[in-house]
Each structure stands twice: as C-alpha cells, then as structure tokens.
Amino acid sequence: MAARDDYLIDSLLEMGWVTEDQLAPIRQEAEASGEGVVDTLVAQGVITPAVVAQAKAAHFGAEFVDLDDMQLTDEVLAAVPRHVAKRFNVVPVRKEGDAVVVAMTDPSDIDTLDGLQAALGTSVIPAVATPEDIEAAIARYYGAREDSVSKMIQDITEGEVDIGTIQAVQTDDGSTVEADAPIIKLVNTIIVEAFKMRASDIHLEPLSNKFRIRYRIDGVLHEVNSPPKRLQPSIISRLKIMSNMSIAEKRIPQDGRIQTEVGGKLIDLRVSCIPTTHGESIVMRILDKEGLKLGLPELGFFADDQQTFERLIGLPDGILLVTGPTGSGKTTTLYAVLNYINRPDRKIITVEDPVEYVMSGINQVHVNEAVGLTFAAALRAMLRQAPNIIMIGEIRDLETASIAINASLTGHLVFSTLHTNDAPSAVTRLIDIGVKPFLVASATRGLMAQRLVRKVCKRCAEPFTPSESELRALGLDPANLGEANFRKGRGCSECNRTGYRGRMGIFEIFVVDDDVRKLIYEKVPSSVLRARAREMGMRTLREDGARKAVAGLTTPREVIEITAMDES
C-alpha cells in the first residue's frame, strides 16, 4: 500500500495540498495501523477524496472531472451500456470522435482499460473522478441497485412476466404467494426506494395511457420510471392486499395501513385508495417516526422564538393553537411538543383521526365515527380520565371547539390545530365556528402559524447575491446586510440536483396578553388583532423566513414563494 502511495504523496506535495510537517505524524499513524498514508490523510480530514483524484489525474496526465457538475446526455450514456458501466465501475463523460472519455478512479488500471475497450469495441480515454462521484453517477443515470425500480420494470418488461403469477397475486390473500414473485418484488422496491430517497408520499396514478408513479420529496413531486400500463391492476391489487383492503371492491374509496421493514427499520404507511376515470389511484403516506425525536431547534426555531414557545407550552392550562394549510408541518410540531413535555408525572391523552405515530407513555385515541366515537365524544370521555395535557388532532366544529375551550378553562393544557393562513385569524375562525368571544379570550394562551421551507443542501451550498427584487420582496435593505450569508445549492447527487435537502419551519408566534384578550372580547376583526400583534413584536412568516435566508439556511426565492399568499 505504501509503495502505491508514493507517487500520490509526491503529487500532493508538489501541488501544495499537504506539507512535510503534516505528513510526518500521518506516516507514523499509517505504519502503526497498516493503512496507506493517503487513506489516513483522507480519514483524518487533511485532504478530501477530490484532492486525491486531482493528484492522480495530474500524475498520469489525465483529466479530472467533477461528475456532480455535469449533466450527461442520452447519447453519451448510450456509448457505455448499463451492465458495462457497473461491471467496470466507470461513467462515460463525452465522445471524442470514435473514442469515449470515461471517468474512473484509477487511470493506471490497464486491465480495466483493456476490458473496457474490448467490451465497447472502441477506444477509451481515461479521466479521473472520486469513487463517491462515480458511485453516485451510476446510481443517478443507470440505477443504483440491481433491485432498483427502473431495473425491476426493465426485467419485467423484457422478460414478459408470467401472467399466471400476476393472477395469483390478485386473488390470493398474500400469505402463500412466493416472496420473489416479480410484482411483489416490484411493489416492495417502490416502497424501499421511496423511503431511501426521503419521500413523504408515494403517488400511483392511473392515466389514460400510462401508470404514473411519483414521490413527494421535500414537498415537491418527482416522477420516477413508470411501469407498463398492463401491470396497473396487479400492482394496485398487491398494495390493497398489503393494506388489508378489499380487492373485490373497486367502486368506493378505501383506507388501510402497511407496516414493513426497510434496512432493519420498521416504517408505517398510511394508504388511501380512490376510484378514478382510468382505474384506482393509490397514495401512500410514509410515516417516519424519526420526526418524533426532533427537538425544538430541529423544527427550525431560532433561539428567541424557541424561548417564547417553550414558555407557552410550559403553562399549566389554556389552549395553544398551531395553524397553517395541509402539509405545513403542524402535526410534526405537536408531536415534537408532546415528546418535549412527556414526563412520568404528566398524563397526556390525544384524540386523532387517524393516529399517525404511536408514542410511548401517551394515551392515544383513534376517532371512529362509524361507531359514534367522534372528536367530541372522545373528548368528553377523556376529561373523565383526569389528564394534565390534551392534544386534539384538529378542531373542526363547534362541539369540539367548545369542549376544548372548556377543558382549557378547567385546568387542562390543550394543544390543537386549525386551518388558517396566519396566527391572528385563528381567533376569528373560532368565533365564526360559534365559540363565544369571552371564552376564546379567556382560554387562548398563544397562536402559532407555520410553513415549511426547503433547506439549502449543505454539500453543494455556495454563496450568492440575491436580486434587488428578492431583497425588496423580503423587506431587506441592501445597505444593512453587511454580515448576510446568502447561500444556494448548486445541485448535486446528494440533493437530487435540486439544491435543497430537507425542510425546516418558519413561524409566526402570537402571544395573547390582557390587551389582546380585551380586543378579542370586543370581536374586533383579525386585521386589528394582527396590528396589535405587530406592535407587540410578532414577526410575520415572511420576516422569520427572511432572517433564515440571511443566515443561509434557505433561499430568498423559497421564502417568497411559500409566503406569497400570506403577504398578498
């Protein structure tokens, strides 16, 4: 290993990436561990794999390529078939006449070059890329695993799957079907791939001439390779079997759940099936229990907002409402709050429709209107269980709202959600539902609106300067942005070329004080409440998003798009 390292070490020294002073202790450590010096340099963080690749390229007079910055065309990819790329671990970069330039990890590997030229029947010009970039590029352009959705669809399509196997899947109860039946493997792979891509939903949509599959990742839908239309009935039937739905019933909507294991981790999927013009459409929501472990900073709170919010959720009684449209992260916030305040000396009961996440130490009630277990009925029964804290999935009607308000006035701390655009509007919504203003004024402790914005990908983030129109839309003065750290993602394999990875909350916290209670009692419009909240120092959603954009956590464009409706 050491001998193979020598030429690289010389190149690294010549290029100024390492010094002799850095090398001395690394050599001793490498000798003691039996590892190569260059491997130890990388492991210690002295150099990166990209630096090693550049040193190799310089030594052999080859080109260094950053595959993350390239978008390969179909013509280039066709020059090196999928099985050849995977066998030799190479990626085509471009064509030069009759020759193909390929990225590889070691341009001195004569055996690989000879085998590659024999397999392609053409000349090969070696270029150098990092092992991680080559692996990611093969995954992106050819399909990462032999059991990827693309590969499964290709095998099924080319192999003309035995229709008898498919029919067995359609009519069997799922317990005796062969585990390696192609449709079963395809369905399992769709779920596994979605989970590994961090998708929150899987959409299987029958269209007139195709069966479309899309994953929602960080709030944005991405279409993936679609199976042939002829496999639509078999895939739908398999999913209905897995989620305990009736495969004979195709005329009415059905709901179910799937529990499966991915990489040793148990995940739940909430499944909804609805008949459409061209067949049954299925949406599976992946319930990732990792969200339960989030602390308040991970939700996106800055220190000042977190301090205010912690004070609100630490109160002994009253009602705290989290507002926002569907998909704005309200439920995740409430679960994180319950996790934060869940202690052995507190009895916590939730009533939900449905129970999305099962939490230890908390009593959770699943609404079942078919047998009369409505939100209101469950709430009445819960109050006889002497809880300290109550969480209501959503306030939908006067009966539920009245019981929740009364519970908060009788010594219980109540959390719930409402569908309103901003925090002050939650007060007028409760009054519109029919709750008396004096009850709303007496019970309400705080209101919080929230949205989710995508976070800049840490791997490919780079500084940038927003346009004047973006700064103006965010209410920012360019003269006062001396320490601003605006960043945006260039797009890499880690973030699926989007420049964003993960999401965080932006918040609007309205603390109800005596002056506000007086205004609520007088039934003033939400615009007056909002003006009072601004006087008290409440930041709007856009203002909170703006300071997170200034800190480089998200982009101005993302904040402007997410808060466009609120500002208008």
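The table that follows gives values for the structure above.
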quantity	calculated
Descending semi-axes in whole angstrom, ellipsoid equivalent of region 441-480, from the Cα gyration tensor	33, 19, 8
Principal-axis tilt of helix 526-535 within the chain, Cα atoms, nearest 10 degrees	70
Fraction of antiparallel bridges per DSSP, the chain only, in percent to nearest 5	65
Net dipole in debye of the chain [+1 Lys, Arg Cβ; -1 Asp, Glu Cβ; about Cα centre; nearest 20]	2580
Kirkwood Rh, angstrom, region 4-86 [1 / mean 1/r, Cα pairs]	14.7
Region 256-354 - Rg over Rh from alpha carbon coordinates, Kirkwood radius	1.05
Average projection area in nm² (convex hull over Cα atoms of region 51-106, one quarter of hull surface)	4.3
Principal axis dimensions, region 92-141 - Cα atoms, whole angstrom, descending	26, 21, 16
Asp10/Gln117 FRET efficiency (R0 45 Å; Cβ-Cβ; nearest 0.05)	0.95
Surface share of carbon and sulfur [accessible, 1.4 angstrom probe, percent] for the chain	48
Per residue accessible area of the chain, 1.4 Å probe, in Å²	47
Rounded to the nearest 10 Å², the accessible area of Asp201 at probe 1.4 Å	20
Whole-Hz ³J(HN,Hα) from phi, Karplus 6.51 cos²θ - 1.76 cosθ + 1.60, for region 445-455, glycine and proline x	9, x, 10, 9, 9, 8, 9, 10, 10, 6, 8
Relative contact order (%) - region 306-443, alpha-carbon pairs under 8 angstrom, separation at least six	33
Student exercise, region 348-479 dipole from Lys, Arg, Asp, Glu Cβ charges, in Debye to nearest 20	300
For region 464-568, convex hull of alpha carbons as volume per residue, Å³	120
Low-density loop positions, trypsin sites (Lys or Arg not before Pro), region 493-568 - DSSP coil, at most 16 other Cβ in 10 Å	Arg497, Lys523
Ranking by accessible area, most exposed first, for His222, His366 with a 1.4 Å probe	His366, His222
q = 0.17, 0.27, 0.28 Å⁻¹, region 225-296: log10 I(q)/I(0) [Debye, one scatterer per Cα]	-0.70, -1.25, -1.30
C-alpha long axis of helix 110-120 to longest principal axis of the chain, angle in °	80
Ellipsoid equivalent to the chain - semi-axes via the Cα gyration tensor, in Å	50, 34, 21
Region 296-408 - Debye-derived log10 I(q)/I(0), Cα point model, q = 0.12 Å⁻¹	-0.43
With at most 13 neighbouring Cβ atoms within 10 Å, loop GluC sites (Glu not before Pro) (DSSP) excluded, longest segment of the chain	250-482
Protein-only accessible surface order, largest first, of Met536, Met565 at 1.4 Å	Met565, Met536
Per-residue ³J(HN,Hα) for region 211-227, Karplus 6.51 cos²θ - 1.76 cosθ + 1.60, θ = phi - 60°, Hz, x for Gly and Pro	10, 8, 10, 9, 10, 9, 10, 6, x, 10, 7, 10, 7, 10, 3, 9, x
Difference of contour (0.36 nm per residue) and Cα-Cα distance, Ala99 to Glu249	48.2 nm
Qualifying trypsin sites (Lys or Arg not before Pro) for region 251-287 [loop in DSSP, other Cβ within 10 Å: at most 13]	Arg251
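The values are calculated or read from the model by the stated rules, or taken from the named source; none is laboratory data. As the structure is a computational prediction, the values presented were derived from the model and not from experiment. Virtual Cβ from ideal backbone geometry, glycine too; neighbours counted across all protein chains shown. Accessible surface is based on the protein model in full, side chains and every heavy atom, while ligands, DNA and RNA are left aside. Shrake-Rupley method; radii C 1.70, N 1.55, O 1.52, S 1.80 Å.
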